[in-house]
Amino acid sequence: MRVISLCAVLFCCLPLSGVADGIDSSRITDEILPFQTDIPERPSPILELGDTYFGRGPIWSGVTLPTGMTVQPSLLLWGTYRTAVQTIDDAGKEVSEWANRFDLFGNLYLSRTERVLVGMRPLDKNGQFTRYTFDASGDDGREEGHFEDAFNANVTTLFFEGDLGEMLPALDEKDQYGLDVAIAVGRQPLSFQDGMLINDSVDSLGFSKINLKPAWAVNWRSAAIWGWDELNRNNLMQEDGNSSLFGSFNEIDFRDTTLETDFVYVHSDEVTGSGYFGGLGATQRFGIVNSTFRILGSIADGAETESTRDGVLFFSELSYAPKGTDDHLYLNGFWALDQYRSASRAPAVGGPLGPTGILFAAVALGRYGAALDNNADDAFGGALGYQLFANESRTQLVFELGGRYGTEEIGQRAMAAGVQVQQALGRRVVVRCDLFGKFGDERFEIDDSTGNDYGYGARLEWVLLL
């Protein structure tokens with residue numbers, strides 16, 4: 001009893017010691033304290049109104065709508081300017097030019113889960129970029145010493161996205177009905193199967209649920225999308241205003257594997273053709289090796305066209321991080337049977353084989369093409385590369401060897417080597433240099449349709465983050 005009485009006395013006395021001077025020691029202080037770590041000052045965007053993005057200080061309490069949602073509007077304006085001097089001599093095309101691109105975005109936050117994003121690219125349009133041509137030859141008809149602009153005020157991105165549960169909290173005050181369904185509507189970027197199935201900005205409406213919990217899996221993320229305009233589908237990847245898209249996209253986490261299962265139907269006219277498109281992907285780790293395997297297919301609904309053909313694409317990615325480094329060793333390969341087509345691809349992103357490596361990837365700036373053909377038409381090949389980080393990761397180097405062998409007479413058969421260097425300067429500038437050399441001759445049965453037996457390219461790009 002004496003112990004219990006002593007504890008009771010001490011318990012009663014504890015609050016008295018904290019309020020002796022009129023201040024409760026358990027109360028959160030009103031004093032504004034800076035971050036207690038050595039964090040560099042945040043770079044300022046072009047324009048910022050309202051609560052600062054990743055800033056510090058008091059946060060506006062906002063306005064509560066009749067739905068129960070609290071909005072705290074803020075506007076963020078930022079952009080990326082890319083400019084490059086580049087030259088390429090490949091497949092009968094010789095071009096030396098100065099090309100430019102500017103991506104400008106405005107993000108209107110209504111809350112931390114609801115926003116409206118608008119984007120413009122005023123220096124390029126439909127794959128044509130504002131550029132000055134120093135030298136050009138081939139059959140493109142461009143003049144030497146000629147400036148060509150692609151100025152425009154087109155809106156390339158404009159969509160709203162939000163969470164129904166956050167917009168209508170009064171419908172589920174205890175958060176027990178699973179109303180956390182994401183919705184996005186407008187001109188928005190779509191990328192599935194690492195951009196090999198779809199890689200485009202499409203006028204579309206989508207619903208997604210990211211936290212389904214089936215008993216047979218760890219987690220399940222599912223989305224349904226309807227796209228009604230701005231699809232790019234023909235062989236030149238120009239806008240096809242007669243097409244609409246319906247798709248189901250699923251990503252399922254198992255204990256050892258993440259599985260992607262996607263299906264798309266595109267309805268179009270007889271010129272571009274309707275078709276079915278699908279992809280199955282699996283990402284997992286085998287010991288010290290990271291891996292991703294994909295199978296993609298396209299089937300014409302009716303007669304085949306340049307935009308819609310029957311084809312299958314097998315794709316694999318293997319990578320390894322050497323012990324004690326942040327470096328990256330990778331081996332990627334593909335095998336295309338017949339002529340696989342993506343459901344929709346933007347004009348500047350190149351073909352579906354871009355993820356194979358830097359020798360297959362489009363730079364999406366000017367007329368500088370990929371060293372190796374990135375279209376999935378009757379071919380097999382791959383790339384072996386090493387990505388090295390130095391100077392506290394402010395310097396990045398990639399060395400790569402790659403090849404492509406067309407299994408039909410008109411397919412490209414070539415080998416190439418390339419290097420890419422990226423260097424950060426300050427906090428807003430990145431300098432990038434790309435070099436490649438390509439070779440193919442009678443040993444690879446290159447015919448006249450593929451152009452020269454050799455090719456090369458070099459470019460120096462400056463990226464300014466605004």
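FYI, it's all coordinate maths here, none of it is from the lab. Only a predicted model underlies this, so the values are computations on that prediction, with no experimental measurement involved. When we count neighbours, we look across all protein chains shown, and the Cβ atoms used for this are built from the backbone with ideal geometry, even at glycine.
Data table
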quantity: Computed label-point distance, nm, for sites ILE295 and PHE389 using a 7 Å Cα→Cβ extension; calculated: 3.5
quantity: Estimated distance in nm for a label pair at PHE160 and TRP98, the labels positioned 7 Å out from Cα along Cα-to-Cβ; calculated: 4.4
quantity: Phi-based couplings in Hz for region 416-429 (Karplus 6.51, -1.76, 1.60; Gly and Pro marked x); calculated: 8, 10, x, 9, 10, 10, 10, 10, 7, 10, x, 10, 10, 10
quantity: Those trypsin sites (Lys or Arg not before Pro) in region 68-168 that DSSP places in a loop and that have at most 11 other beta carbons within 10 Å; calculated: ARG112
quantity: Computed FRET value (nearest 0.05) for SER222 with THR70, which takes r as the C-beta separation and R₀ as 22 Å; calculated: 0.20
quantity: ARG112-VAL271 pseudo-label distance in nm [points 7 Å out on the Cα-to-Cβ vector]; calculated: 4.8
quantity: Length released on extending from TYR456 to VAL419, taking residue separation times 0.36 nm less the Cα-Cα span; calculated: 12.1 nm
quantity: Region 160-263: trypsin sites (Lys or Arg not before Pro) in DSSP loop, at most 14 other beta carbons within 10 Å; calculated: LYS174, ARG255
quantity: Net charge of neighbours whose Cβ lies under 12 Å from the Cβ of LEU65, counting Lys and Arg as +1 and Asp and Glu as -1; calculated: -2
quantity: Karplus-derived HN-Hα couplings along region 343-348 (A = 6.51, B = -1.76, C = 1.60, θ = phi - 60°), whole Hz, x at Gly and Pro; calculated: 5, 6, 9, 5, x, 9
quantity: Structure-based [θ]222 nm, the chain - -39500 (n - 2.57) summed over DSSP H runs of at least 4, per residue, nearest 500; calculated: -1500 deg cm²/dmol
quantity: Positive minus negative residues near LEU384 (Lys, Arg vs Asp, Glu; Cβ under 13 Å); calculated: -2
quantity: Candidate values (1) 64, 58, 40; (2) 101, 50, 49; (3) 68, 52, 49, label of the one derived for Cα extents along the principal axes in Å; calculated: (2)
quantity: Cβ-based net charge around ASN219, under 12 Å, with every Lys or Arg adding one and every Asp or Glu removing one; calculated: +2
quantity: Cα-based shape type of region 185-321, given that a ≥ b ≥ c are square roots of the gyration tensor eigenvalues and the cut on a/c is 1.5; calculated: prolate
quantity: Helix axis angle, 2-18 relative to the chain longest principal axis, alpha carbon, degrees; calculated: 70
quantity: DSSP loop chymotrypsin sites (Phe, Trp or Tyr not before Pro) with at most 11 other Cβ within 10 Å excluded, longest remaining stretch of the chain; calculated: 217-466
quantity: Label point 7 Å beyond Cα of ASP180 along Cβ direction - residues of region 87-123 with amide nitrogen under 13 Å; calculated: 113
quantity: Per-pair calculated FRET efficiency, R0 = 60 Å: ASP38 and ALA303 via Cβ, rounded to 0.05; calculated: 0.40
quantity: Set of lysines with alpha-carbon distance to LYS209 below 25 Å, sequence-local pairs under 8 removed; calculated: LYS174
quantity: Hits among lysines - C-alpha to C-alpha of LYS438 under 23 Å, sequence gap 8 or more where chains match; calculated: LYS93
quantity: Once exposed loop GluC sites (Glu not before Pro) are cut out (DSSP; at most 12 other Cβ, 10 Å), longest piece of the chain; calculated: 271-391
